Structure formats: C-alpha cells, structure tokens
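Worksheet for the structure shown next.
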Amino acid sequence: MTFDELLKIAVNKEASDLHLVADMLPILRVDGELVEVQDSKALSGEDIKTMIFSVLDERRRETFERERELDISYEIKGLSRFRVNLHWEKDQVSVAARVISSITPSLEQLQMPPVVYELLRLKQGLILITGPTGCGKSTTLAAMIDLINAERRCNIVTLEDPIEFVYLPKKSIVRQRQLGSDMLSFTDALKHVVRQDPNVILVGEMRDLETIATTITLAETGHLVLATLHTYNAAQTVDRIIDVFPSNQQAQIRLQLSLFLKGIISQQLLPRIRAKKGVLGNDKIEPLTYGRVSSREVLINTPAIANLIRENKIPQIRSVIQTSADLGMHTMDQNIRRLYKEGFISRETALTYMQEPETLE
C-alpha cells in the first residue's frame, strides 16, 4: 500500500492516528484503542522509508536525515489533512500521523460552555487550552479561531508546528505560519509578530521559558493570545508557568498572570458509552463503548483567583473553582460527575479519571 492509501483507510475507519513501525502491521488508533489494519502486511523499515520519502521534497528529506525528527502537515485533496511526525527508531524510519478533520467544528458542536464564548470576545489577555497529548487541544483552538473569524474584523496570526486546520477568511484576516517553512523558531516569530499588526495571536505551544515569557508579554501589550500547555488542570497550569522561571522572577510573573490571564480550559477525552437494548435480555441494558467525550475544567480569572495567584496560594484555586459555578467555572471532577449522571460515561470510567473518586455518588 502507498502512504496515501493507508491514510485513506485511517479516515474511513474514523481513526485519530496512523502508526507505521518497522516489522509490524500498520496500526490505527480508533476510539483511543490501537488496532491493526486488516488485509495489510508488515512493513520493513526500508518499506516505510521508501513510502515516506516519496511524499517529501528534497529539502525535507535532507532535514529529516540530518535532524532525525520532522513534523509536517500533509493533505490529500478532497479527503483530509494530516499532522505527520517522522522519527527514527532503532535506526529505522517510523511514522505517527494524526488525522485532522477537513471541517472546522464549531464551539457548539464541541459543547463548549457559554462562558468560553465570553472569553473569546475579549480584546486582550491570555487564554490557555491545556491537557495531555491527543485530548483535542488543536480542535478546540480551531473552533475558537473560527468563532473570532466569523464575528470580528481583526488580524489573526497563528504560529503552528505544523499547520493543522486551515482557516478561510470570513470577517478577519488569518495569517498561518508554520515552524520550519515560515519561521525558524517560536521565539523569533513571537518577537516579530507585534510588527504584523495582530489583534489575535495563536501560539501552538508554549514550550520553554522564553516562549512563555514572550507570550505573556504579548497578552500584556493589548493582544488576545490563545496558547496551549501539556498540563492536566488549571492549578497545575499556573504552577507550571511560574515554576519555569528563576525564583527571582516568579513574583513578577505571578503579578502578570494575575492581571492578564483571562481563563484556562483544561480538557481530556473519556471513553463514551451508549446503551444497547436486548443484549443481556429484554429487561436489561448493556453499555457499549463508542467514541470519546470531552471532559473540561474551566477557570475564569476572577478577583478571587487573581489574588490567589499573586499571593502564591495556588492549591486553593481548586476550591474557588468548585464554589464558582454561577460564574461558569467547574473542576474536572465536577464535570466528570455530570457526564456520569447524564449517562455519557460509565461509573468505572468516572472513577478512573477523577482526582477524588471517593466523592462520586
């Protein structure tokens, strides 16, 4: 099979990812589980290298062989786009390809809380989307950019590695810049982006101290900045940002965050269930896993939250979120309990993912 044929299978099977590993069958991730591609054969390292090099231009082949890692975006016209990571494993080429929907979902389709719409209508500040790898952060960011694009006349600049969703201009200008081809580093691009007259800036990932510092400064200087971090909840996110700075700078960063952080949306994907009648008898229902559902924690930077950040009382943030439902906030555990009570997830799933499972009724 060709690389395109394998990607088409991934799309048809509604897989999120395709993995190619030397001396193994091609593998798909479907609903969070790894499954082999049937009616295929194991691929040698040379098979994978030949397959991948056939879709790379000379510059990218040279970069991959020199740096031993490469992230690219790839598109099959009329089908879908893909985020492809190429790397070497035991001196063999290996591939992990993420399927990107050709249609940008809306915030409504993602069942985003109403308070998130309010955040996106702000003119300046920092909004963070956090969560583990593969939890849908890129999809959430795409829906957010699409809302701004549809509602406001502004200049949106995105810094991505690589470009995933492609935005068509609606009311806004959208400039999408890709690491490696359009910019050499996030740090350099962030330093120069202010000269591009942006209203909204998307930072694909805050990776290091310099990127984090520059991103916070951009939020401070009159821009609405959307960015991601690989953290599991709001309190951990604040801790991670502060801890990356030297101790003599942490008080200043806490002050900046207390003033210009607008909100944190932390999310993860949980196995979803549906009821199938008749499997266990006429009067019983068997829950079957299908797909995944997002669970989110939402923090809004209220005066109470800002005060905790300034005074370095980060562990108390969770308690404020728990008692601020009227402001649109909820913890991950509160959202998981709701999903369980409404029948979206099983009790076992809820207990597995909750921070305090003993509180599940």
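The values are calculated or read from the model by the stated rules, or taken from the named source; none is laboratory data. Because the structure is a prediction, the values reported are computed rather than measured. With ideal geometry, Cβ positions are generated from the backbone for all residues, glycine too; neighbour counts draw on all protein chains shown.
A few points about this structure:
- Subset of the stretch 169-212 [touching a helix residue (DSSP H, G or I) at 6+ places or on another chain (Cβ under 8 Å) and of a type in the set (Gly, Ala, Ser)]: SER172, GLY180, GLY204
- Selection count, the stretch 99-123, where residues are without any contact (Cβ under 8 Å) to a residue 24 or more places away in the chain and either within 25 Å of ILE72 (Cα to Cα) or surrounded by 15 or more Cβ atoms within 10 Å (Cβ to Cβ) (or both): 2
- Any hit, the stretch 177-196, residues being touching a residue at least 12 places away in the same chain (Cβ under 8 Å), under 23 Å from SER80 (Cβ atoms), in the same structural domain as SER295 (by TED's automatic domain parsing) and aromatic (Phe, Trp, Tyr): no
- Test: residue in the stretch 14-31 that is part of a loop (DSSP other than H, G, I, E, B), out of contact with any helix residue (DSSP H, G or I) (no Cβ under 7 Å at 6 or more places or on another chain), acidic (Asp, Glu) and over 24 Å from GLY291 (Cα atoms): yes
- When ILE253, ILE264, ILE216 are checked against the criterion of being within 14 Å of LYS137 (Cβ to Cβ), aliphatic (A, V, I, L, M) and touching a helix residue (DSSP H, G or I) at 6+ places or on another chain (Cβ under 8 Å), a single residue qualifies: ILE264.
- In the stretch 303-361, residue nearest to the chain's Cα centre (by Cα) [restricted to those that are within 22 Å of ASP239 (Cα to Cα), hydroxyl-bearing (Ser, Thr, Tyr) and outside any helix (DSSP H, G or I)]: THR331
- Residue check, LYS77 surrounded by fewer than 15 Cβ atoms within 10 Å (Cβ to Cβ) and outside the structural domain of ILE265 (by TED's automatic domain parsing): yes
- Test: residue in the stretch 136-146 that is part of a strand (DSSP E or B) and at pLDDT below 95: no
- Checking each residue in the stretch 120-147 for being over 9 Å from the mean Cα position of the chain (by Cα) and within 25 Å of ARG98 (Cα to Cα) picks out ILE127, LEU128, ALA142, ALA143, MET144, ILE145, ASP146, LEU147.
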